[in-house]
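Asker: So that we are looking at the same thing, I have put the structure below in structure tokens.
All of the numbers you see were taken from the coordinates with simple rules; none came from a lab. It should be emphasised that the depicted structure is a prediction, and the values quoted were computed from it without experimental measurement. Cβ placement follows ideal geometry from the backbone for every residue including glycine, while neighbour counts extend to all protein chains displayed.
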Amino acid sequence: MTSYRSMILFTLPAMIVLGMFFVYPIFLTFQMSLTNFTGVGEAENIGLKNYDRIISRSRYPDALWVTVKFTVVVVLIQTLLGLAFAAMLHRLPAVRNFARAALFTPAMMSFVVVGYVWQFIYSPFSGGLNAMLRGAGLDWMAKGWLGDPDTALYAIAFAHIWMFTGYTTAIFLAGYANISSDIDEAGRLDGASSWQRFRHLEVPLLAPSFTINIMLSTIGTLKTFELPFIMTRGGPDGATRTLSLEIIEQLFGQYRFGFASALSIIMLVIVIAVAVFQNWYLRRREDV
Amino acid sequence: MPALNIRQLLLNVLVVALVVAMLLPLFYMITMSFRTATEIAEAPLGLPDRLAWENYAQAFGGMNYVRAVINSVGITISVTVLTALLGSMAAFPLARNTSGFARIFILLVALGLATPNFVTITPIYVIFRDLGLLDTYLGIILAFTALNLPLAVFFYVGFIGAIPKDLVEAAKLDNCSDWQAFWYVVRPLLGPATATLSLFVMLMVWNDFTYPLLLLTDKDKFTVTISVYRFVGNQNIQPDMLFPAAVLGSLPLLILFAIFQRRIVAGVTAGAVK
């Protein structure tokens, strides 16, 4: 309907911006990943050495493992928590709007603010969490949550979940709004209990909301950088050093542009593979 | 059925209690922002003895708050307008075209949607340095626009595809050029799509940390998030600096949210579902 000429003209501004700051950078990333570029001067072509280094040093697979752990914990708990809230709020119209907005509030804040506030909540001496535990007589549980390699990653994951549970809840509630009230009514008339309706009617019918929530939170957490950067800088002992954090660290801490590029390529491959797989699997599940 | 009503009531109370528990960190942030460092060290959980406004005075000046808010507003609005304009323009011919060019463009957009910005951050830094775009408003606006354009194109393609094509055909019969058909027929219909998209883009740009961290070093160009970060610092964090800065950093969006909460939640979820 539009001529070829105007198609080019209409898309030209977007093409220029995307070309300069997305397509060209991706090619450059590939190219730099095969060099030892340090940001200045000449880059020497070193073939696949960067990739070889990534595989052979345990530091980088470890960062990947941290990222995967973080993603699995966040996606799992956030989805279940959001679903639980949505299922309850679906049954409680009186408080639904208030609760939805209240739960959503943390998602309005930036990672910087959330990171700093939770960092202080977790701090060993004047932090809110330990003060609460001591107040409840649970002194033995009080600790430096972010200073212990066993708890640091989960503490950060908890802050992340706190931030986005309201988002997940809102998406599930939108899914609930799409379920015809006839279906729920039919279940009720057949004598299905609230739990049975939830388990056998609502959960299957919410499949599209599961797809959206899981994909959004997976893509969001696989690239997690801000919270670990602000709260722990990847410590203690690398326990919270995610892949993105490693990229930024190599780039601006060590000026290893080539090496950071190789890590970026690995990240790109992982993210796209996960997105394609999830999309295929979750969509197939929707049709059942 | 009174028994059921009591159950219902208890469930309501339980849910409200859970929601209030989720809001405790916010309450904590606000309460702590009015306490002095000594008070917090002595009693980590107490209420303020008196409102320590001097915390705010210090944060307000130290963060160069007014300047930071102006920077954030300017950058956010520029990116939002640019993204909506370029995105809807590109989507207009792409929505109904199946030529090879259109397909490649859409594929590129899909790739852009899935690509984390960490993949392109290294070359963007190098390109920016070579073009002298580091530490410029133009640079950061372009970087954010490129980051959000795939979403915009994707969004508008879906929306424009749903507009009856007779509308555009009729305009063409009336001798409208393609540009006139876009600007006078299609663009006015894009209001709801633009509102939802803009909400997404605004939230993303306002709260983003990575780009301003890497691309801006000039204090006078800092956005709100980065000025919170630089003001609080990362060593030896002082609560009487942290909490007021956190409150000031979130205040603009929290005020907007208080006013438009229903529309914001509805918009963001509708956008995600699309």
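Asker: Between 0 and 90 degrees, rounded to the nearest ten: what's the tilt of helix B:239-273 against the longest Cα principal axis of chain B?
Answerer: Rounded to the nearest ten degrees, it is 40.
Asker: Assuming a ≥ b ≥ c are the square roots of the Cα gyration tensor eigenvalues, decide whether chain B counts as rounded (a/c under 1.5), prolate (otherwise, with a/b larger than b/c) or oblate.
Answerer: Values: a/c = 2.69, a/b = 1.46, b/c = 1.84.
Oblate is the answer for chain B, as a/c is 1.5 or above yet b/c matches or exceeds a/b.
Asker: Net charge around A:Glu202, counting only other residues with Cβ within less than 11 Å of its Cβ (Lys, Arg = +1; Asp, Glu = -1)?
Answerer: Values: positive: A:Arg91, A:Arg197, A:Arg199; negative: A:Asp184.
Within the 11 Å Cβ shell, the charges total +2.
Asker: Based solely on its DSSP helices, what 222 nm [θ] is calculated for chain A when runs of n ≥ 4 H residues each add -39,500 (n - 2.57) and the sum is averaged over all residues, nearest 500 deg cm²/dmol? Could the numbers behind the result be given before it?
Answerer: On the way: 14 runs with 195 residues, N = 288.
Taken over chain A, the calculation gives -22000 deg cm²/dmol.
Asker: Take the alpha-carbon centre of segment A:103-174, take the same for segment A:12-80, and report the distance between them in whole Å.
Answerer: Between the Cα centres of segment A:103-174 and segment A:12-80 lies a distance of 29 Å.
Asker: Rounded to the nearest 500 deg cm²/dmol, what is the calculated helix-only ellipticity per residue at 222 nm for chain B, with -39500 (n - 2.57) per DSSP H run of length n ≥ 4?
Answerer: Numbers: 12 runs with 205 residues, N = 274.
Computed ellipticity for chain B at 222 nm equals -25000 deg cm²/dmol.
Asker: Just in segment B:1-85: which trypsin sites (Lys or Arg not before Pro) are loop by DSSP and have at most 11 other Cβ atoms within 10 Å? Please list the in-between numbers first.
Answerer: Numbers: sites: B:Arg7, B:Arg35, B:Arg50, B:Arg67; in loops: B:Arg35, B:Arg50.
In loop regions of segment B:1-85 (DSSP not H, G, I, E or B), the sparsely surrounded trypsin sites (Lys or Arg not before Pro) are B:Arg50.
Asker: Find which of A:Gly135, B:Ile140, A:Thr232 sits farthest along the positive direction of the dipole of the protein assembly as shown, computed with +1 on the beta-carbon of Lys and Arg, -1 on that of Asp and Glu, about the Cα centre.
Answerer: Final value for the positive-end residue is B:Ile140.
Asker: Here is a follow-up. Residue farthest toward the positive end of the dipole of chain B, with Cβ of Lys/Arg at +1 and Asp/Glu at -1: which of B:Pro150, B:Cys176, B:Ala59?
Answerer: In chain B, that residue is B:Cys176.
Asker: So, one more: All other residues with a Cβ under 15 Å from the Cβ of A:Leu103 taken together, and with Lys, Arg as +1 and Asp, Glu as -1, what is their net charge?
Answerer: Values: positive: A:Arg96, A:Arg100, B:Arg262; negative: none.
Counting the neighbours of A:Leu103, the net charge comes to +3.
Asker: Assuming a ≥ b ≥ c are the square roots of the Cα gyration tensor eigenvalues, decide whether segment B:212-251 counts as rounded (a/c under 1.5), prolate (otherwise, with a/b larger than b/c) or oblate. If you can, show how the numbers build up before the last one.
Answerer: On the way: a/c = 2.76, a/b = 1.50, b/c = 1.85.
Judged from the Cα gyration tensor, segment B:212-251 comes out oblate (a/c at least 1.5, b/c at or above a/b).
Asker: Nearest 10 degrees is fine. How inclined is helix B:53-62 to the longest principal axis of chain B, computing both from alpha carbons?
Answerer: 40
Asker: So what is Rg over Rh here for segment B:71-113, counting just Cα atoms and using Kirkwood for Rh?
Answerer: Values: Rg = 13.3 Å, Rh = 11.7 Å.
A ratio of 1.13.
Asker: Among the trypsin sites (Lys or Arg not before Pro) in segment A:1-100, which ones are in a DSSP loop with at most 14 other Cβ atoms within 10 Å of the Cβ? Mind listing them? The partial results should precede the final answer.
Answerer: Working: sites: A:Arg5, A:Lys49, A:Arg53, A:Arg57, A:Arg59, A:Lys69, A:Arg91, A:Arg96, A:Arg100; in loops: A:Arg57.
For trypsin sites (Lys or Arg not before Pro) across segment A:1-100 that sit outside H, G, I, E and B with at most 14 neighbouring Cβ atoms in 10 Å, the list reads A:Arg57.
Asker: Once you have the alpha carbon radius of gyration of segment B:181-238, what is it after dividing by 2.2 N^0.38 Å, with N set to its residue count? Intermediate results must be reported in sequence, preceding the final value.
Answerer: Working: Rg = 17.8 Å, N = 58, 2.2 N^0.38 = 10.3 Å.
After normalising by residue count via 2.2 N^0.38 Å, the value is 1.73.
Asker: Jot down the per residue volume, in cubic angstrom and as a whole number, of the convex hull over the alpha-carbon atoms of segment A:33-137. Show your work: numbers first, answer last.
Answerer: Numbers: hull volume 23.1 nm³, N = 105.
Enclosed volume per residue, from the Cα hull, is 220 Å³.
Asker: Would you mind checking the radius of gyration and Dmax of the protein assembly as shown based on alpha-carbon positions, in Å?
Answerer: 24.9, 81
Asker: Over segment B:91-220, what per residue volume does the convex hull of the Cα atoms give, in whole Å³?
Answerer: Cα-based convex hull of segment B:91-220, divided per residue, equals 140 Å³.
Asker: Karplus couplings for segment B:157-165 from phi (6.51 cos²θ - 1.76 cosθ + 1.60, θ = phi - 60°), rounded to Hz, Gly and Pro as x?
Answerer: For segment B:157-165, the Karplus-derived couplings read 4, x, 6, 5, x, 8, 6, x, 6 Hz, x marking Gly and Pro.
Asker: Spelling out what I want: for every residue of segment A:195-211, take phi, set θ = phi - 60°, compute 6.51 cos²θ - 1.76 cosθ + 1.60 (Karplus), and round to whole Hz; glycine and proline get x.
Answerer: For segment A:195-211, the Karplus-derived couplings read 5, 5, 4, 4, 6, 9, 10, 6, 4, x, 6, 8, 3, x, 5, 4, 4 Hz, x marking Gly and Pro.
Asker: Looking at chain A, identify the longest residue range that excludes and avoids all chymotrypsin sites (Phe, Trp or Tyr not before Pro) in DSSP loops having at most 16 other Cβ atoms within 10 Å.
Answerer: Numbers: sites that count: A:Phe125, A:Tyr255.
The longest such stretch corresponds to A:126-254.
Asker: Using a/c under 1.5 as the rounded threshold, could you call segment B:1-127 rounded, prolate or oblate? The axes a ≥ b ≥ c are square roots of the C-alpha gyration tensor eigenvalues, and prolate needs a/b larger than b/c, oblate otherwise. Could you put the intermediate results ahead of the total?
Answerer: On the way: a/c = 3.16, a/b = 1.47, b/c = 2.14.
Note, shape of segment B:1-127 comes out oblate.
Asker: For B:Val13, what is the net charge nearby, where nearby means another residue's Cβ is under 14 Å from its Cβ and Lys, Arg count +1, Asp, Glu -1?
Answerer: On the way: positive: A:Arg91, B:Arg7; negative: none.
With Lys, Arg at +1 and Asp, Glu at -1, the net is +2.
Asker: Using Cα centres only, tell me the gap between segment A:223-288 and segment B:50-89 in whole Å.
Answerer: Segment A:223-288 and segment B:50-89 have Cα centres spaced 28 Å from each other.
Asker: Under 4 °C and 1.567 mPa s, how fast does chain A diffuse according to Stokes-Einstein, given a Kirkwood radius computed over C-alpha pairs? Answer in µm²/s, whole number. Walk me through the numbers before you get to the answer.
Answerer: Details: Rh = 22.1 Å.
After rounding, the answer is 59 µm²/s.
Asker: Calculate the dipole size of segment A:28-287 relative to its Cα centre from +1 charges on Lys and Arg beta carbons and -1 charges on Asp and Glu beta carbons; express the result in debye to the nearest 20. Don't jump to the answer; show the numbers that get you there.
Answerer: Details: 20 positive and 18 negative charges, 27 e Å.
Dipole about the Cα centre, nearest 20: 120 debye.
Asker: Another one. Helix B:65-94: angle to the longest alpha-carbon principal axis of chain B, degrees 0 to 90, nearest 10?
Answerer: Helix B:65-94 sits roughly 20 degrees off the main axis of chain B.
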